[in-house]
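Right, one structure below, let's go through it.
The values are calculated or read from the model by the stated rules, or taken from the named source; none is laboratory data. Bear in mind that the values here come from a model prediction, so they are computed numbers and not experimental data. Neighbour counts are summed over all protein chains in view; Cβ atoms, including those assigned to glycine, are modelled from backbone coordinates with ideal geometry. SASA here: full protein model, heavy atoms, side chains in, ligands and nucleic acids out. Shrake-Rupley method; radii C 1.70, N 1.55, O 1.52, S 1.80 Å.
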Amino acid sequence: DGSREADYAFDKAMSIAKRNPGLTLTAIHVSDKSHRIGVAEVADPYFLIETIELSEKLIDYYKEKARKFGVKCDVQLKEGAPTSALLKEVRGLQPYDLVICGSSNLGRITRLIFGSVSNTLVNEAACDVLVVRTPEALIDE
């Protein structure tokens with residue numbers, strides 16, 4: 001999603017991939033437009049185009065980052081609610097050995113209302129899940 005936590009998780013995933021020759025890293029960016037429907041989007045017809053452009057820039061960024069690090073990486077763009085899209089992917093036809101995700105360090109109330117992508121993946125994915133915490137999140141606790 002372009003967050004600091006996602007970037008840190010991607011770095012951890014690249015490190016794991018680098019230590020395991022022949023491994024292909026799959027990075028998935030989910031573009032969630034469901035919570036963005038509102039007055040601003042109706043008034044600005046270019047909002048959807050900007051969202052797509054941002055997603056494409058993120059994909060290019062992660063592809064280039066992996067290339068420079070020397071790991072094989074398939075970067076995919078999915079649309080929908082992040083939790084549903086990611087669960088659908090990891091439960092799909094292609095088996096995954098490990099899912100690596102960042103922890104956004106949501107507050108208790110926010111997590112209660114909106115849920116936690118990483119928590120849902122830990123509890124519902126068919127494979128192992130590694131939740132990567134940023135160093136700042138570890139210090140804040």
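Couple of notes before you dig in:
- Restricting GLU41, GLU53, GLU5 to those that are open to solvent by 70 Å² or more (accessible area, probe 1.4 Å), modelled with pLDDT under 90, of a type in the set (D, E, K, R) and part of a helix (DSSP H, G or I) reduces the list to GLU53.
- Checked against the criterion of being surrounded by fewer than 12 Cβ atoms within 10 Å (Cβ to Cβ), hydroxyl-bearing (Ser, Thr, Tyr) and either within 13 Å of the chain's Cα centre (by Cα) or at pLDDT 80 or above (or both), region 59-68 contains not a single residue that satisfies it.
- Residues within region 117-137 that are in a helix (DSSP H, G or I) and within 21 Å of ARG91 (Cα to Cα), tallied: 8
- Candidates in region 85-100 are the residues that are under 14 Å from the mean Cα position of the chain (by Cα) and surrounded by 15 or more Cβ atoms within 10 Å (Cβ to Cβ); of these, the one that is nearest to SER31 (Cα to Cα) is ALA85.
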